[in-house]
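The values are calculated or read from the model by the stated rules, or taken from the named source; none is laboratory data. Owing to the predicted nature of the structure, the values given are computational and were not obtained by experimental measurement. Cβ coordinates were reconstructed from backbone atoms using ideal geometry, including for glycine residues, and neighbour counts include every protein chain displayed. Ligands, DNA and RNA are stripped out before the accessible areas are found, and what is left, the full protein with its side chains, is counted by its heavy atoms. Shrake-Rupley method; radii C 1.70, N 1.55, O 1.52, S 1.80 Å.
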Amino acid sequence: MTILYLHGLESKLSDEKRVVLEQFGTVFAPDMDYKSNSEMYNYLMETYKNESIDCIIGSSMGGFMGYHVAMRLGCPALLFNPALPIRSLNQNVPQNIVPKENQRFSIVLGSQDETVPAIANLNYFSENWLPTVQFQIKIRPDLAHQIPLNIFEEECRTFLRGF
């Protein structure tokens, strides 16, 4: 299995989280500078065009980017507190991507998240509903914006077990 991990703004995949993901397969985790490159979507599509990406995992800004890349590739995605409704900077992503039939997204939201409040994401998904897309949305009362290792591991194991 090949996993594309997309980190959040001013973040990266920690060694501990990489170990969790590598139990399931090969992990690509590019270092992305969202601030200086508003074309990160095009960069990712070009960089990984010859790779067979089985799934995407992203957090915050990486969740925003992961949503759009997964939609284009037609692969499942696990997104933690995706910055879909609220971002501090713009990224150029295509509009009106037609999703693959039964496109699957697992969304994990933190009820304590003040950076991208869970209600903002719930509103986003209700306003941008796609009838052919399967959304599984979980709201965790023990989660804020940062994803602790134990929650990351639990949610990734649940998601990746389906492969």
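Filtered by the rule that a residue be more than 17 Å from V69 (Cα to Cα), aliphatic (A, V, I, L, M) and open to solvent by less than 70 Å² (accessible area, probe 1.4 Å), the stretch 130-148 gives I137, L143, A144, I147.
Per the listing E127, E114, E153, the residue uniquely open to solvent by 40 Å² or more (accessible area, probe 1.4 Å), among the acidic types (D, E) and within 16 Å of G8 (Cα to Cα) is E114. Pairs linking a residue in the stretch 66-78 that is over 25 Å from I151 (Cβ atoms) and at pLDDT 95 or above to a residue that is among the aromatic types (F, W, Y) and surrounded by 23 or more Cβ atoms within 10 Å (Cβ to Cβ), with Cβ atoms under 6 Å and 6 or more positions apart or on different chains, do not occur. If the condition is being part of a loop (DSSP other than H, G, I, E, B) and either touching a residue at least 60 places away in the same chain (Cβ under 8 Å) or open to solvent by 20 Å² or more (accessible area, probe 1.4 Å) (or both), then the stretch 33-52 contributes D33, K35, S36, N37, S38, E39, Y48, K49, N50, E51, S52. The listed residues are L6, L13, and the only one of them that is at pLDDT 95 or above, more than 11 Å from the chain's Cα centre (by Cα) and aliphatic (A, V, I, L, M) turns out to be L13.
Of all residue pairs spaced 6 or more apart or on separate chains, those with beta-carbon atoms under 6 Å, a first member in the stretch 100-123 that is under 18 Å from L89 (Cα atoms) and a second member that is among the small types (G, A, S) and surrounded by 18 or more Cβ atoms within 10 Å (Cβ to Cβ) are V116/A83. Got at least one residue in the stretch 96-105 being open to solvent by 10 Å² or more (accessible area, probe 1.4 Å) and under 25 Å from E10 (Cα atoms)? Checked the stretch 96-105: no residue is open to solvent by 10 Å² or more (accessible area, probe 1.4 Å) and under 25 Å from E10 (Cα atoms). Is it the case that E16 is within 17 Å of P94 (Cβ to Cβ), outside any strand (DSSP E or B) and open to solvent by 20 Å² or more (accessible area, probe 1.4 Å)? Considered against the rule, which asks whether it is within 17 Å of P94 (Cβ to Cβ), outside any strand (DSSP E or B) and open to solvent by 20 Å² or more (accessible area, probe 1.4 Å), E16 comes out as no.
The set of residues in the stretch 104-127 that are β-branched (V, I, T) and part of a helix (DSSP H, G or I) contains only I119.
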